[in-house]
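Read the structure below first, then the notes.
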Amino acid sequence: MAIAIDGPAASGKSSTAKAIARELGFRHVDSGALYRAATAARVRQGGDAESWTEESVLAAARMVTLVPTELGFTPLLDGETAEDEMRGEEVTRHVSLVARMPAMREWVNAQVRKAAHEHDVVVDGRDIGTVVLPSARPKIFLVASPGERAKRRLLERHAGAPSDGEIAEETGRIVLRDDMDAAQSVRAADAIVIDTTHLAQAEQIARIVALVRAGGWEVQ
Ligand code: DC
């Protein structure tokens, strides 16, 4: 069984998917982490991103392995975790470029499908319900206003509350990323849209778990 959680940047997909996987005893697969890992691998090899070829990114991605963890899967770089590198500014700046390369989409999709073939999974991404696992049930599409997403992203990084100026700046970055990822971020016709702008995270998780259970799928 596969549950798809798609949505734009900073919509809370990964944390929600992880919590749902824990609650249902499924494995969590973060497809964006694979794009990030491939990007980090290519960044390590140096050179101007403008000149990155699809072949060179695919070759660099050979240093990435997706390994099982207690709750799901995590990509390793050269056999080691590289979470900070994958979430860092440089990778975040270039990952959209990598995610638009057809060979890299195939590379990610094959690994996600393999995980879904072998386990019950909750997969988060942009195109899970449309392209990667079109038979996933249910398909959830999380949305939230750009300002709210910016606020959440900043709260993750900051100790205190962000200023209005910081929120405005981050909102601009988020809108730009939405544009760069637009082609890959199509909502499935049968996806259930949940607007989390005014929802607490615990509430969105409870809603999705209830939806899964109410669906009559083979979930305890
Ligand atoms: O969700 P994220 O920010 O970690 O995603 C990183 C990048 O990968 C972002 O540019 C969107 C892209 N992505 C994608 O195109 N398709 C997916 N299924 C997941 C992520």
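Since every read-out is calculated from the coordinates, none of them should be taken as a lab result. All values derive from a computational prediction rather than experimental measurement. So basically every Cβ, Gly included, is an ideal-geometry build from the backbone, and we count neighbours across all protein chains shown.
Remarks
- Where the Cα pairs of the chain fall when distances are cut into 5 Å bins, in %: 1, 7, 15, 19, 20, 17, 12, 6, 2, 0, 0
- Computed from phi, the 3J(HN,Hα) profile of the stretch 172-189 under the Karplus parametrisation 6.51, -1.76, 1.60 (θ = phi - 60°) reads x, 5, 5, 5, 5, 5, 4, 5, 5, 9, 4, 4, 8, 9, 8, 6, 5, 4 Hz, with x in place of Gly and Pro.
- Take every DSSP beta bridge whose two residues both sit in the chain; close to 25 percent of them are antiparallel.
- Under-5 Å amide H pairs with T74, H placed in peptide plane, nonlocal only: V67, T69
- Between A159 and R113, the modelled label-to-label distance comes to 4.8 nm, taking each label 7 Å out from Cα in the direction of the beta carbon.
- With contacts taken as Cα pairs under 8 Å at a separation of at least 6 residues, the stretch 29-81 carries a relative contact order of 39 percent.
- Contour minus Cα-Cα distance for R187 and S145 (0.36 nm per residue): 13.5 nm
- Average Cα contact separation per residue, the chain, under 8 Å, 6 or more apart, as relative contact order %: 33
- Given R0 = 25 Å, the distance between the Cβ atoms of A49 and R207 translates into a calculated FRET efficiency of 0.05.
- Whole-Hz ³J(HN,Hα) from phi, Karplus 6.51 cos²θ - 1.76 cosθ + 1.60, for the stretch 134-142, glycine and proline x: x, 8, 4, 9, x, 9, 10, 10, 8
- Low-density loop positions, GluC sites (Glu not before Pro), the stretch 41-85 - DSSP coil, at most 15 other Cβ in 10 Å: E70
- Using the Karplus relation 6.51 cos²θ - 1.76 cosθ + 1.60 with θ = phi - 60°, the per-residue 3J(HN,Hα) values for the stretch 28-38 come to 8, 10, 9, 5, x, 5, 5, 4, 5, 5, 5 Hz, with x marking Gly and Pro.
- Under a 5 Å amide H cut-off, with hydrogens placed 1.01 Å from N, I5 pairs with V123, D124, G125, I140 among residues at least 5 apart or on other chains.
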